[in-house]
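Undergrad: Can you read through this structure? Questions will come right after.
The values are calculated or read from the model by the stated rules, or taken from the named source; none is laboratory data. Remember, it's a predicted structure, so these values are computed and weren't measured experimentally. Here the Cβ positions follow ideal geometry from the backbone for every residue, glycine too, while neighbour counts run over all protein chains shown.
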Amino acid sequence: MTTTKPPSQPIEKWTEKDVQLWLMTEVKVQETCAVKFCEEEVSGDILVELEKTDILGLGIKHGPAVKITSYLESLKKGSQHESQIPAYVENWTKQQVKQWLLQHVNIYSKYAERLHEEDVSGDCLVCFNNQDFLDLEVKGGPAVKILKKLGQLKNNSEPTLKPIPHTSTDQTEAAKPTQPELSLAEARATKQPESQKKIESKTDELVEKDFEKSQVPFKKASEKEEMHQPKPKDYGARRKETTRTTVLPDVPKITVEIQKTFDNLLKRLPKKISFP
């Protein structure tokens, strides 16, 4: 990384390379971050117009974005960036910042993790204000607490930071109980009753289906036998039918009608009639 100072000419006259050089030598961000400005063709006249949201839109993490914004404000005022926080804080890595937040500020781990994800190292943390924490979804109370603790560091000795154990959990969440690992024999013994039940159930289904299939031929055979067997003849009924039916002789219809008419006339006549 080059140590050449950016040009002394007005910022508006800076080239894209001048902006990249300023970021690397004065702001001291990572080279990949400075290169990003060059790739996005950010020259001096554009740099002076940028705000934090614009820098975030370039794909820069929140930590470096806050630091660049703070240095840019000082640059536009023509002054050097100054911090009231002890110098050792600016040397903290983002992991050390996380350790300090958890062990000395005592905030929820979700907030410490959020700052860690956004590359908030010590030199970035000293540039944060209340709104910057709120933008990272840190509630107002914890945000004020962090700023107060930062201010107290200048009157206190450097705090001791201990490695964070991997089993640490959020203050609001209890650790989930872990089930003891089963040995291979225990695992097989646990799974065996379930598999045995499945096998027995499957066997019962197969036996039932086979039984139903075996009954089908017998049903069909019995149906065929019933179809082929002759129905019993009811000779008695036929005899009754034959006895009841009488065969009338073939006579002309007109004769039958005359006979009926004559019979009707006889019925209407008085029963006692004296013939001469």
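Undergrad: Report, by residue number, each residue of the stretch 97-129 that is β-branched (Val, Ile, Thr), part of a helix (DSSP H, G or I) and in contact with a Gly (Cβ under 7 Å, 6 or more places away or on another chain).
TA: Step one: list which residues in the stretch 97-129 are β-branched (Val, Ile, Thr), which gives 97, 105, 107, 120, 126.
If we keep only those that are part of a helix (DSSP H, G or I) too, we end up with 97, 105.
Result: VAL97, single match.
Undergrad: Which one of the conditions (1) of a type in the set (Val, Ile, Thr); (2) over 20 Å from CYS124 (Cβ atoms); (3) surrounded by fewer than 18 Cβ atoms within 10 Å (Cβ to Cβ) does ILE85 fail to meet, given that it meets all the rest?
TA: Among (1) of a type in the set (Val, Ile, Thr); (2) over 20 Å from CYS124 (Cβ atoms); (3) surrounded by fewer than 18 Cβ atoms within 10 Å (Cβ to Cβ), the lone unmet condition for ILE85 is (2).
Undergrad: If you don't mind, there's one more thing I want to ask. Give me the residue from the stretch 22-46 that is aliphatic (A, V, I, L, M) and within 22 Å of VAL120 (Cα to Cα) and, out of that set, surrounded by the most Cβ atoms within 10 Å (Cβ to Cβ). Spell out how you get there, then give the answer.
TA: Quick first cut of the stretch 22-46, residues aliphatic (A, V, I, L, M) only: 23-24, 27, 29, 34-35, 42, 46.
Narrowing the set further to residues that are within 22 Å of VAL120 (Cα to Cα) leaves 23-24, 27, 29, 34-35.
Details: LEU23: 27, MET24: 20, VAL27: 18, VAL29: 23, ALA34: 22, VAL35: 13.
It comes out as LEU23.
Undergrad: Under 8 Å by Cβ, and 6 or more places apart or on different chains, what pairs join a residue from the stretch 1-16 that is not assigned by TED's automatic domain parsing to the domain that holds THR32 and among the polar types (S, T, N, Q) with one that is surrounded by 10 or more Cβ atoms within 10 Å (Cβ to Cβ) and at pLDDT 80 or above?
TA: Going by the 8 Å Cβ cut-off, the qualifying pairs are THR2/LEU21; THR2/MET24; THR2/THR25; THR3/THR25; THR4/LEU21; THR4/THR25.
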